[in-house]
Amino acid sequence: MALIELKNARVSYDQKIVLDKVNFSVSRGEIVTIVGPNGSGKSTLLKVMTGVKELDAGSLSTAPKVRLGYVPQKIAIDDAFPMTVRRFLKIPFSPNRKVMEEALVTVGFPNSLDRQIGELSGGQLQRVMLARAIIGSPDVLMLDEPTQGLDQSGAADFYQMIETLREEMGCAVVMVSHDLHVVMSASDRVICLNGHICCEGTPAVVSTAPEYRALFGRGTKGALALYQHDHDHTHEHGHEHSELCDHE
Amino acid sequence: MIDDFMLRAGLAGLSLASAAGVLGCFVVWRRMAYFGDALAHSSILGVAIALGFGASMLSGVLLVAISLAVMLYWLSQKGLGVDTLLGVLSHGALAIGLLVASLQTGIIFSLEVVLFGDILALSWADVALTAAGCVAVLAVLLVRWDKFIAAVLNPELAASIGVSASREMLVVMLVLAVFIALAIKAVGALMVSAFLIIPAASARQISKTPEQMAVFAVVIGAFSCVLGLILAYYYDTMVAPTIIVCAIGCFVISRLLPRPA
């Protein structure tokens with residue numbers, strides 16, 4: 001059963017349609033990555049799934065009592081906002097010290113409870129935001145451009161960690177990225193978005209799909225090989241097909 | 001022995017400083033200083049309308065400030081550039097307020113009181129109303145505190161834990177409108193933003209968490225208020241500006257202190 005399911009979703013801002021005819025679902029334990037160029041509606045899709053943005057048409061259904069763990073692209077903590085890692089991890093729960101320490105160890109940023117959030121590097125902040133999200137044992141972990149500001153090996157490490165988390169917690173993972181090669185190979189399923197779903201399927205299928213090539217050009221195949229996801233094991237869900245649709 | 005009017009001013013000032021300290025943190029975090037200014041300027045229109053209809057100053061200012069807050073919220077939800085609009089609305093309300101006031105004959109409209117407040121002229125009824133209003137403002141802020149923090153951080157993060165950031169921001173804007181209406185008579189339209197921002201900005205330097213910042217802002221605001229009142233009493237200066245100068249003193253000192261490790 002799908003944890004989150006969008007059917008025929010349409011979303012617009014000021015009468016400008018940014019997403020249309022989007023059918024999308026997330027099942028337990030899978031890693032789904034949404035890729036697409038800037039302005040393709042990736043962030044809007046996350047806004048819809050979290051409930052920030054309402055649909056103009058279509059439906060959004062979530063399984064009862066689904067817990068979301070959201071890792072934003074950025075948070076509004078600047079120099080005017082004092083916030084320790086400890087305080088941040090208490091949103092919205094009140095975990096004890098041990099739980100917080102463990103979460104920080106899991107994300108690879110231990111002994112940081114007393115650090116000021118505003119003074120962390122991009123990668124450190126990303127880890128702290130991930131730690132906060134996993135403290136609530138989410139059913140769905142959502143990440144918006146999680147590796148922005150990380151270099152390629154940093155990004156690869158980050159996705160490795162996401163995979164490990166998925167194995168340990170059994171949660172579904174939904175990621176939005178324009179960081180194509182690395183992210184795709186860490187996914188079970190890739191959705192290529194450009195106002196509508198252009199193509200979807202396994203990373204291998206999507207990266208060779210003409211729709212994907214049309215959006216991102218060639219030359220991604222070599223980079224994909226840098227970090228080949230081990231697909232020897234099988235997952236319950238099979239999306240080996242590539243759903244094609246028309247391009248303007 | 002403390003004079004009665006000083007006691008009233010002190011109580012009103014401490015109430016306002018408490019509400020302003022907590023509310024001011026959100027103004028600083030969300031960069032709403034200009035929004036606070038717009039609301040404060042619009043209060044002059046509120047005063048003029050209240051005088052015209054023979055209503056209380058508070059009700060006139062409340063009406064105008066809340067209307068403006070709702071209008072700005074609505075415009076910001078539509079994604080319009082709020083910064084310029086704020087400028088238009090803020091000074092528009094100021095100009096219209098002064099125009100309406102000047103049209104009224106036979107009514108003494110003390111611009112000085114509206115702009116700078118007259119905390120020494122408050123009656124016991126004013127003090128009671130101010131204190132009750134500030135308690136209400138604080139109650140709303142404290143009850144919704146965790147939601148506000150999440151809403152300030154990131155709208156999707158807030159939504160993921162069941163908090164509507166836009167709704168919480170509307171609440172903050174309305175609370176700000178109510179606070180400004182409460183504060184106008186005591187501290188005036190030009191000074192009220194300073195009451196909100198300076199204690200919170202001073203508290204930032206010595207705080208590690210949002211909660212600490214709110215508490216320190218209240219303490220700094222209350223201290224400035226009491227010190228300002230005493231200085232104004234002995235040196236016969238205008239009260240609200242004296243309080244603000246004390247707050248600015250705190251701000252300068254806080255900047256010289258090292259951030260807590």
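Observations on the model:
- Some residue of region A:150-168 being touching a helix residue (DSSP H, G or I) at 6+ places or on another chain (Cβ under 6 Å) and among the β-branched types (Val, Ile, Thr): no
- Hits in region B:205-218 (condition: open to solvent by 20 Å² or more (accessible area, probe 1.4 Å) and within 14 Å of chain A (Cβ to nearest Cβ)): B:ILE206, B:LYS208, B:THR209, B:GLU211, B:GLN212, B:VAL215, B:PHE216
Residue-wise test of (1) open to solvent by 50 Å² or more (accessible area, probe 1.4 Å); (2) out of contact with any His (no Cβ under 9 Å at 6 or more places or on another chain); (3) more than 8 Å from chain B (Cβ to nearest Cβ).
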position: A:GLY29; (1), (2), (3): no, no, yes
position: A:SER40; (1), (2), (3): no, no, yes
position: A:THR50; (1), (2), (3): no, yes, no
position: A:PRO64; (1), (2), (3): yes, yes, yes
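- Residues that are open to solvent by less than 30 Å² (accessible area, probe 1.4 Å) and either assigned to a loop (DSSP other than H, G, I, E, B) or more than 19 Å from A:VAL174 (Cα to Cα) (or both), drawn from region A:66-75: A:PRO72, A:ILE75
- Residue match in region A:13-21 (condition: open to solvent by 80 Å² or more (accessible area, probe 1.4 Å), more than 14 Å from chain B (Cβ to nearest Cβ), in a strand (DSSP E or B) and not charged (D, E, K, R)): yes
- Considering only residues in region B:219-261 that are within 14 Å of chain A (Cβ to nearest Cβ) and without any contact (Cβ under 8 Å) to a residue 40 or more places away in the chain, the one that is nearest to B:ALA200 (Cα to Cα) turns out to be B:PRO258.
- Residue in region A:128-145 that is free of Cβ contacts under 8 Å to residues at least 40 places away in the same chain and not hydrophobic (A, V, I, L, M, F, W, C) present: no
- Residues of region B:5-42 that are in contact with a Phe, Trp or Tyr (Cβ under 6 Å, 6 or more places away or on another chain) and among the small types (Gly, Ala, Ser): B:ALA19, B:ALA20.
- Note on region B:16-31: among residues that are touching a helix residue (DSSP H, G or I) at 6+ places or on another chain (Cβ under 7 Å) and open to solvent by 20 Å² or more (accessible area, probe 1.4 Å), the one that is nearest to the other protein chains (Cβ to nearest Cβ) is B:VAL28.
- Residue within region B:149-163 that is away from chain A (no Cβ under 11 Å) and in contact (Cβ under 8 Å) with a residue 60 or more places away in the chain present: no
- Of all residues in region A:88-101, those that are under 24 Å from the mean Cα position of the chain (by Cα) and within 11 Å of chain B (Cβ to nearest Cβ) total 5.
- Positions within region B:86-112 being modelled with pLDDT of 80 or more and open to solvent by less than 50 Å² (accessible area, probe 1.4 Å), in sequence order: B:LEU86, B:GLY87, B:LEU89, B:SER90, B:GLY92, B:ALA93, B:LEU94, B:GLY97, B:VAL100, B:ALA101
- Candidates B:GLY60, B:GLY24, B:GLY52, filtered to the one that is of a type outside the set (A, V, I, L, M, F, W, C) and over 19 Å from the mean Cα position of the chain (by Cα): B:GLY52
- Some residue of region B:145-163 being more than 18 Å from A:THR50 (Cα to Cα) and either open to solvent by less than 10 Å² (accessible area, probe 1.4 Å) or touching a helix residue (DSSP H, G or I) at 6+ places or on another chain (Cβ under 9 Å) (or both): yes
- Looking only at region B:206-229, residues that are in a helix (DSSP H, G or I) and over 21 Å from B:VAL192 (Cβ atoms) come to 4 in all.
- Selection count, region B:33-47, where residues are surrounded by fewer than 24 Cβ atoms within 10 Å (Cβ to Cβ) and hydrophobic (A, V, I, L, M, F, W, C): 1
- Pairs, first in a helix (DSSP H, G or I) in region B:1-28, second open to solvent by 60 Å² or more (accessible area, probe 1.4 Å) and hydroxyl-bearing (Ser, Thr, Tyr), C-beta under 7 Å, six or more apart: B:MET6/B:TYR233
A quick yes/no check of all residues on (1) open to solvent by 10 Å² or more (accessible area, probe 1.4 Å); (2) more than 19 Å from B:PHE26 (Cβ to Cβ); (3) out of contact with any helix residue (DSSP H, G or I) (no Cβ under 9 Å at 6 or more places or on another chain); (4) away from chain A (no Cβ under 14 Å):
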| residue | (1), (2), (3), (4) |
| --- | --- |
| B:ILE119 | no, yes, no, yes |
| B:LEU122 | no, yes, no, yes |
| B:ARG167 | yes, no, no, no |
| B:GLY188 | no, yes, no, yes |
| B:LEU196 | no, no, no, no |
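- Residue match in region A:151-161 (condition: within 14 Å of chain B (Cβ to nearest Cβ) and not in a loop (DSSP other than H, G, I, E, B)): no
The values are calculated or read from the model by the stated rules, or taken from the named source; none is laboratory data. Every value quoted in this text rests on a predicted model; they were computed, and no experiment measured them. Note that each Cβ is placed from the backbone with ideal geometry, even for glycine, and that neighbours are counted across all protein chains shown. The area values use the complete protein model at the heavy-atom level, side chains included, leaving out ligands, DNA and RNA. Shrake-Rupley method; radii C 1.70, N 1.55, O 1.52, S 1.80 Å.
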